[in-house]
1. Among the listed residues 68, 106, 119, identify the single one that is in a helix (DSSP H, G or I), in contact with a strand residue (DSSP E or B) (Cβ under 9 Å, 6 or more places away or on another chain), modelled with pLDDT of 85 or more and farther than 17 Å from residue 157 by Cβ.
2. Among (1) farther than 16 Å from residue 151 by Cβ; (2) touching a helix residue (DSSP H, G or I) at 6+ places or on another chain (Cβ under 9 Å); (3) crowded, with 17+ Cβ neighbours inside 10 Å, where does residue 60 come up short?
3. Here are some conditions: (1) over 17 Å from residue 84 (Cα atoms); (2) in a strand (DSSP E or B); (3) over 17 Å from the mean Cα position of the chain (by Cα). Residue 124 meets all but one. Which one does it not meet?
4. Being surrounded by 15 or more Cβ atoms within 10 Å (Cβ to Cβ) and within 13 Å of residue 61 (Cβ to Cβ) narrows it down to one residue among 102, 106, 110; which is it?
5. Can you find a residue in the range 139-148 that is within 19 Å of residue 57 (Cβ to Cβ), in contact with a strand residue (DSSP E or B) (Cβ under 7 Å, 6 or more places away or on another chain), surrounded by 14 or more Cβ atoms within 10 Å (Cβ to Cβ) and without any contact (Cβ under 8 Å) to a residue 60 or more places away in the chain?
6. Do we have any residue at all in the range 70-91 that's free of Cβ contacts under 8 Å to residues at least 24 places away in the same chain and under 14 Å from residue 133 (Cα atoms)?
7. For residue 58, state whether it is modelled with pLDDT under 85, within 24 Å of residue 26 (Cα to Cα) and part of a helix (DSSP H, G or I).
């Protein structure tokens, strides 16, 4: 009969069953870096900044999708092809294939860099006069099975 090798810190795990449950499936830091403020003022009556907020579950996934949509190639160190690389297409002359190219770029990027979701519906509305596009994505989070919508406008800064 095989015996389990336990660390000294584990003590005797065979007699006690420990059940733990993780209520948050996903978590990430909030990329706005808004500081959490303490409820207690410090000695000089200034509120002490303690920590930054974090995103969990659905908010974490939405933030990740937004980051992928707004990122271009060669912006992330050591991952040169991270992102949807859409910003460069917004100044191109729009024709019949531009719309399908942008949809394809988004689908490929989400499939490659966000394995937690499945795209159910993707709508891209190009605004040629403003060099921008409106993206509406309906997606399903695979672990929970919930369906969510993200809507954003992507535009050139210059």
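The values are calculated or read from the model by the stated rules, or taken from the named source; none is laboratory data. Quantities reported herein were computed from a predicted structural model and do not represent experimental measurements. Note: ideal-geometry Cβ built from the backbone for every residue, glycine included; neighbour counts use all protein chains shown.
1. The unique qualifying residue is 106.
2. Tallying (1) farther than 16 Å from residue 151 by Cβ; (2) touching a helix residue (DSSP H, G or I) at 6+ places or on another chain (Cβ under 9 Å); (3) crowded, with 17+ Cβ neighbours inside 10 Å, residue 60 fails exactly one: (2).
3. Every listed condition holds for residue 124 apart from (1).
4. So the residue among 102, 106, 110 that is surrounded by 15 or more Cβ atoms within 10 Å (Cβ to Cβ) and within 13 Å of residue 61 (Cβ to Cβ) is 110.
5. Yes: one or more hits.
6. Among the residues of the range 70-91, at least one is free of Cβ contacts under 8 Å to residues at least 24 places away in the same chain and under 14 Å from residue 133 (Cα atoms), which makes the answer yes.
7. yes
Table: residues versus (1) crowded, with 17+ Cβ neighbours inside 10 Å; (2) farther than 23 Å from residue 26 by Cβ; (3) within 15 Å of the chain's Cα centre (by Cα).
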position: 52; (1), (2), (3): no, no, no
position: 70; (1), (2), (3): no, no, yes
position: 74; (1), (2), (3): no, yes, no
position: 115; (1), (2), (3): no, no, yes
position: 120; (1), (2), (3): no, no, no
position: 128; (1), (2), (3): no, yes, no
